[in-house]
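Working notes for the structure below.
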Amino acid sequence: MVARDPHRFVNELDEPARERLAARLESRARDDVFTRLLDKYVARLALPPLARVLEVGCGTGVVLRTLARRDDFTGQALGVDQCGSFIDAANGFARDERVDSRIAFRVGDAHGVDLPAASFDVVIAHTLISHVTAPLAVLGEMARLVRPGGTVVVFDGDYASLTYAYPDHDLGRRVDEALTNVTFNNPRIMRDLPRILPELGLKLADAWGDAVIEIGHASYFKSFAETYVPYVRKAGLVPGDALEAWHDAQRRAMENGTFFAACNYYTYMARRL
Ligand SMILES: C[S@@+](CC[C@H](N)C(=O)[O-])C[C@H]1O[C@@H](n2cnc3c(N)ncnc32)[C@H](O)[C@@H]1O
């Protein structure tokens, strides 16, 4: 069976599978790793009063809820996602957290958002670009939607660097690659952005990398493995018994404090010329 990025094909999954992905988006948002990396670029946004912010590929809305909770956010945010059940969940969570007066969510395709050019001060893609069908088209659409002088933020992992320790290094590498291939349509796109952004009229204003590494304990990479190992099994990329042995070894390593996993994440902040 061919590997199919579940976030790219989310509308072809059954509802329980979509609910599991939505649950992971919410649990990931409570993880220190996630909040640390998100807060880092949100703090540098320098939002104007009444800022208009768009997030493409907003999922259940965790990024925009984080923004709307900030005292210095006086504007309006719009989240767009291709998945109707994620948008329903996003509306529910925003109501529960009483930030729904500041955020709207709607179904849409990041490759072509039905809104006029230059409508936003800030356009964000947070762990979207690794999943989409045509990353260049999505980045071009972000460049179209942001006003001149406005900011485009692209945050995602460089999944060629995703790795879990495993004593059999060859099998460990195969599982790393299988996890990458089933989860991400564009695992290496983030390293291309310094070249691509200027071609789209976006001047790189700031960029940095964060290595996410869990040693001894596991939280972020625990839920990542729990979510995506079933997709590796389904795609048949690693023999089932070898994959079980790998996952059992990861669980034991988490219990006895010998766990190791790592991945690089990059943030690009670009100004529209
Ligand atoms: C890993 S999730 C990230 C969600 C959210 N940004 C967050 O960080 O919690 C990727 C999201 O991109 C959405 N997505 C993928 N391709 C899309 C497209 N072409 N247009 C709109 N949304 C898309 C998926 O439905 C999913 O919600």
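The values are calculated or read from the model by the stated rules, or taken from the named source; none is laboratory data. The structure displayed is predicted, hence computed values, not measured ones. Virtual Cβ from ideal backbone geometry, glycine too; neighbours counted across all protein chains shown.
Things worth noting here:
- Of the listed requirements (1) crowded, with 19+ Cβ neighbours inside 10 Å; (2) of a type in the set (A, V, I, L, M, F, W, C); (3) more than 11 Å from the ligand (Cβ to nearest atom), Leu171 misses just one: (1).
- Residue in the range 7-22 that is away from the ligand (no atom under 12 Å from the Cβ), over 18 Å from the mean Cα position of the chain (by Cα) and not in a helix (DSSP H, G or I) present: yes
- Among the residues making up the range 114-157, those that are out of contact with any helix residue (DSSP H, G or I) (no Cβ under 6 Å at 6 or more places or on another chain), away from the ligand (no atom under 13 Å from the Cβ) and in a strand (DSSP E or B) are Asp121, Val122, Val146, Arg147, Pro148, Gly149, Gly150, Thr151.
- Hits in the range 90-113 - residues which are within 12 Å of the ligand (Cβ to nearest atom) and either assigned to a loop (DSSP other than H, G, I, E, B) or touching a Cys at 6+ places or on another chain (Cβ under 9 Å) (or both): Ala90, Phe105, Val107, Gly108, Ala110, His111, Val113
- In the range 259-270 there is no residue that is at pLDDT 95 or above, more than 30 Å from Asp39 (Cβ to Cβ) and surrounded by fewer than 19 Cβ atoms within 10 Å (Cβ to Cβ).
- Only a single criterion out of (1) more than 19 Å from Val42 (Cα to Cα); (2) under 19 Å from the mean Cα position of the chain (by Cα); (3) surrounded by fewer than 22 Cβ atoms within 10 Å (Cβ to Cβ) is not satisfied by Phe105, namely (3).
- Picking from residues in the range 44-87 that are surrounded by 22 or more Cβ atoms within 10 Å (Cβ to Cβ), of a type in the set (Gly, Ala, Ser) and more than 6 Å from the ligand (Cβ to nearest atom), the one that is nearest to Arg24 (Cα to Cα) is Gly61.
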